[in-house]
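Note sheet for the following structure.
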Amino acid sequence: MREYIMHLISTAVLTAILLSFFDKRSTQHELLKCVCGIVMVIAAISPLVHFNGMNLDRYIEDFSAEGQSAIEDGLDNAEELLRKRIKESCEAYILDKAASLGATILADVELDETDPPKPYRVTIIGSVSPFVKRQLTHYLKTEFQIPEEMQIWNQ
Amino acid sequence: MRRFIVLLLLFTIAVPVNAAEFTAPEAPGSVAEYVPDQVDNFGEDLWFVINSALKIIWPSIIEAMGFCVSLIAVTMILSVCTQLSAMTSDILRYSGGIVTAVILIQPSKAMIHLGIQTVQQLSQYGKLLIPVMTGAMAAQGGVTKAGALYTATAFFDALLSGAITDLLIPLVYVFLCISIVSRVFSQTLMKQIGDFTKWVITWGLKTVLYIFTGYISITGVVSGSADLAALKATKLAITGAVPLVGGILSDASESVLVSIGIMKASVGVYGVLVIVALWLIPFLQIGVHYLLLKVTSGLCQLFDIKETSLLVKDFADAAGLVLAMTGAVCLMLLISIICFMKGVG
């Protein structure tokens, strides 16, 4: 900006000096005044000549990329939150079912990578009677669609 | 028991379990003490910010009143001298104009510097806040709208703050220089160039704001419909699952959406308060400067020294232009945050 203003001022001073050599009422003075006016206009709009319209596209691309990164961060956070809620809810349902059968257990549900995530494996910790185990196995299989081989029972 | 689980889930919504995920960037040091850490009541908190700002600006009011009194005194002396010695009225006029300019230059320079600083602080805070709001909106399902809003806000913020720092503020200096020359030496052509410079600045600010609001209004509607369609598709996929699992997925999705909405609203409200605090103190300082110069200009007219009065008026106009610049950046950020807070659809 400083360079531009200095450039503008120096052009104005030069044209003024040039004009002072001629008589104000002469035709040459009028002609030179017109030329100096054109020179001043060119000096004033010269930064526009260097304006590169393509840079605008690059800026928008940069901002789009930044926005995309913020969106991905947000989606990752939401997915993490959703997985946490689903896991907690599934475990709560399993504990509730075990409690209704008179058993006290701990359940650790693992979710798959689908969207939305679904339970695919469960680890049950606690000693239960064969009847309760059978009932819970059936419950996990029918309600959660977790096959028997994905149900891990630990004492 | 199912009711108990639902209640438990509702409780987890009321207390955002993952509040750390979407948190507003902390208020910069200069305004940290005026913005409450937790936003409980927006009205009360905003009033607290305004009250704090009003207390802070007292010294600048007194300072501004000081140089306004000096200006009135100079004009009064000039008026008396002009009455006493009509022969030297031209020299008196020139010297009066120069003295007035000298008195006004230092505070005006400080005011313009304050304006630049405010624009930069607002822009920097916006750069921290907008990505958080974008992430929260995307997490709520507004992926397309969040992307469009982010790009528009970041682009126009960079454009406006860059234009203010590199073009409009130098133009304000040009306007002041031209004003001094035109008022002291009564140059009509210079006055017209000065008016044109002022028009370029106001026109530039207005145009950027109009394009920005127009763009986000249109993209908001278009991208909002796309996001609603995507959300409906996700809901359909959930209802296709096993009843119990489908119910859990549906409840969890709903609760996640609600809790993200709560987080986004609190981040947005906090952000609005910080932006208002960042803008309000300099706005009041420059605003007081502007109003006092306007009053001084009016009072100077009473002494029949037209040049001085008009020069003071031009400096007041320059303060008005700086006010408009800080206001434009603040308004743009507020519009953007409110659009983010509005949500999907």
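The values are calculated or read from the model by the stated rules, or taken from the named source; none is laboratory data. What you are looking at is a predicted structure, and each value in this text was computed from that prediction instead of being measured. Backbone-built Cβ (ideal geometry, glycine too); neighbour counts: all protein chains shown.
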Residue within the stretch B:184-200 that is buried (at least 20 other Cβ atoms within 10 Å of the Cβ) and among the aromatic types (Phe, Trp, Tyr) present: no
Residues satisfying the stated conditions in the stretch B:295-313, i.e. surrounded by fewer than 17 Cβ atoms within 10 Å (Cβ to Cβ) and under 27 Å from the mean Cα position of the chain (by Cα): B:295
Of all residues making up the stretch B:257-291, the number that are within 8 Å of chain A (Cβ to nearest Cβ) and in contact with an Asp or Glu (Cβ under 9 Å, 6 or more places away or on another chain): 1
Pairs with Cβ under 9 Å, 6+ apart, first in the stretch B:33-57 and surrounded by 11 or more Cβ atoms within 10 Å (Cβ to Cβ), second charged (D, E, K, R) and in a helix (DSSP H, G or I): B:35/B:45; B:36/B:44; B:36/B:45; B:39/B:45; B:52/B:33
Verdict on residue B:191 being modelled with pLDDT under 85 and on the phi < 0 side of the Ramachandran plot: yes
Selection count, the stretch A:118-146, where residues are at positive phi and in a helix (DSSP H, G or I): 0
